[in-house]
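**Student:** I have a structure here, written as structure tokens, and I will follow up with some questions on it.
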Amino acid sequence: MAPKDKDPVTLGKKLHQKALSANPQQKDRPYHISGKQLATYRPQDYCQVYKRNCFSLLLNSHLADEIIEKNSILIKRYETFISYPNYHQSHPAHDWSSNPDYKGLGFAHEVTLIKVLKSLAHNSKSGQNTLKQLESALKEKLAQSGTLLEKMFYLALLNQTLEFKNLAYSENILKKTRLSDRLSKKELALTKAVRFDLLSHYYVNKHLMRNQNKLIMPFLLKPNMTANKLTNFLEYFKLFDYMTAEDKVSYKFDYVEEYTLLESVRNYVGYTQSLIDLVPYKSYAIRLHDLDAKIAVLNWRLQQPHNAKIDEAYLERHDTAKLNPYKTGSFFIKEEELDKQKLLCVPLEQHRDPRNVRCVQL
């Protein structure tokens, strides 16, 4: 976000202090950056490097060199940022409009992968080291994530990195293959992010109390009562969060906040909010296990010859069911009708996987 002539670390510390000292009553966002910000050259204006067609294009053209050259500052900043061992987002719960702009990080990550691609193509050890460091750092960020948005963002970046690794191996430019570590309990855990989400919910209600009719709202909304009810849900979710992937899939996620008739009358707005479906929290948790399933698929793929023709007959000769964290059967081949792309996937029919997180490209 910082202009070219500004140090992003110095600017970031300044903005962080503003965030910590921000008054929940104020309406102005405390972290506006004035002046011309760093312009980025967006890879997706052309293609995305973790997709096979784009990977091949960048590998066999001068486009990659152009992208790297135009984004040298961005790449350097991203490599610095991703190496920080103790980064935590600074978005305060009372200011839900101030989410960091993750687009810049997403662009920087893609451009960095393009740089890794060129390094690998030239048999440079730096490419292998950078890829290893990226994977490790993203897992660390995944474990540290404090919000649902942040958790899903790093999940997406790690998913892209693993897919890139898969393509680099299948194209035989990643010679020394290192199996990826499966996700740890901290990386899979979602309770911290859900806690922050519920805390933001509390501040939304406080905002309603301040900005709506101050005579009527106290009779319709009790923020503390609503928060206490959500605390009960958090305790329920903690138990769910510690389950295995197999148990989470089969678990009937049917939490309902209990309101007495008197409570529903005294806290009508809070009661109405409690009727909102909480099942999406389960889907977020399953998505993390989908990424873990992808690692299981990728590790198996990395142990096959890089040019192996993996089809149904090939899979029948291997016992892949034991590698499936969901315990729902052997890997299978899925064909995307839109781009005729073949994928190797973990089966889990009752949960959608529109972004094919449980799959690797063949």
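The values are calculated or read from the model by the stated rules, or taken from the named source; none is laboratory data. Owing to the predicted nature of the structure, the values given are computational and were not obtained by experimental measurement. No Cβ is skipped: glycine too gets one built from the backbone with ideal geometry, and neighbour counts run over all protein chains shown. These accessible areas exclude ligands, DNA and RNA; they are computed on the full protein's heavy atoms, side chains included. Shrake-Rupley method; radii C 1.70, N 1.55, O 1.52, S 1.80 Å.
**Student:** Let me confirm something: among 6, 27, which residue is surrounded by 14 or more Cβ atoms within 10 Å (Cβ to Cβ), in a loop (DSSP other than H, G, I, E, B) and either modelled with pLDDT of 85 or more or over 23 Å from the mean Cα position of the chain (by Cα) (or both)?
**Tutor:** 6
**Student:** In the range 127-221, which helices (runs of 4 or more DSSP H) lie fully inside it and hold 2 or more residues that are open to solvent by 40 Å² or more (accessible area, probe 1.4 Å) and over 30 Å from residue 60 (Cβ atoms)?
**Tutor:** Result: 185-188, 191-211, 217-220.
**Student:** State the number of residues belonging to the range 54-78 that are crowded, with 16+ Cβ neighbours inside 10 Å, of a type in the set (A, V, I, L, M, F, W, C) and touching a residue at least 40 places away in the same chain (Cβ under 8 Å).
**Tutor:** Number satisfying all stated conditions: 7.
**Student:** Are any residues in the range 294-330 touching a strand residue (DSSP E or B) at 6+ places or on another chain (Cβ under 8 Å) and under 16 Å from residue 163 (Cβ atoms), and if so, which ones?
**Tutor:** Hits for the range 294-330 are 294, 297, 298, 301, 310.
**Student:** Would you tally the residues in the range 270-308 being touching a helix residue (DSSP H, G or I) at 6+ places or on another chain (Cβ under 7 Å), modelled with pLDDT under 80 and either closer than 26 Å to residue 189 by Cβ or surrounded by fewer than 18 Cβ atoms within 10 Å (Cβ to Cβ) (or both)?
**Tutor:** 3
**Student:** Since residue 344 meets every condition but one in (1) over 20 Å from residue 168 (Cα atoms); (2) open to solvent by less than 20 Å² (accessible area, probe 1.4 Å), which condition does it not meet?
**Tutor:** Every condition holds for residue 344 apart from (1).
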